[in-house]
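Asker: Questions regarding the structure given below will be posed in turn.
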């Protein structure tokens, strides 16, 4: 027969929260490299492009990439912050 452990609700909640945080930290490490590094490269490249001579259409495309990549980093940061909020 297996032994069951009965925990007080507040203790059980804290343990579950701790397990969730450990999972989040692992996710945070992977997400930090897998999303932020390429996004920062895109932001850096578009930053350089923004200071070159381009047509209005090209400037609009570069601005779209710039704004999209900045938004991606913002959403990623917010998601990771929410993930580790317990």
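Asker: Of all residues in the range 32-63, which are under 22 Å from residue 79 (Cα atoms) and exposed (fewer than 12 other Cβ atoms within 10 Å of the Cβ)?
Answerer: The answer is 33, 34, 37, 41.
Asker: Only one residue in 61, 48, 73 is touching a helix residue (DSSP H, G or I) at 6+ places or on another chain (Cβ under 6 Å) and more than 30 Å from residue 14 (Cα to Cα), so which one is that?
Answerer: One residue alone meets the criteria, 73.
Asker: Still on this structure, I have one more. Are there any pairs, at least 6 apart or on different chains, whose C-beta atoms fall under 6 Å, with the first in the range 43-63 and in contact (Cβ under 8 Å) with a residue 24 or more places away in the chain and the second not in a helix (DSSP H, G or I), and if so, which?
Answerer: No pair meets every condition.
Here's the yes/no breakdown for (1) within 16 Å of the chain's Cα centre (by Cα); (2) at positive phi; (3) at pLDDT below 95; (4) part of a helix (DSSP H, G or I):
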position	(1), (2), (3), (4)
47	no, no, yes, yes
57	no, no, no, yes
66	no, no, yes, yes
69	yes, no, yes, yes
74	yes, no, yes, yes
78	yes, no, yes, yes
81	yes, no, yes, yes
86	no, no, yes, no
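Asker: Can residue 24 be described as touching a residue at least 40 places away in the same chain (Cβ under 8 Å), surrounded by 10 or more Cβ atoms within 10 Å (Cβ to Cβ), more than 16 Å from the chain's Cα centre (by Cα) and within 27 Å of residue 79 (Cβ to Cβ)?
Answerer: No, not satisfied.
The values are calculated or read from the model by the stated rules, or taken from the named source; none is laboratory data. Everything numeric here is computed off the predicted structure, so don't read it as measured data. Using ideal geometry, Cβ is built from the backbone for each residue, glycine included, and neighbour counts are taken over all protein chains shown.
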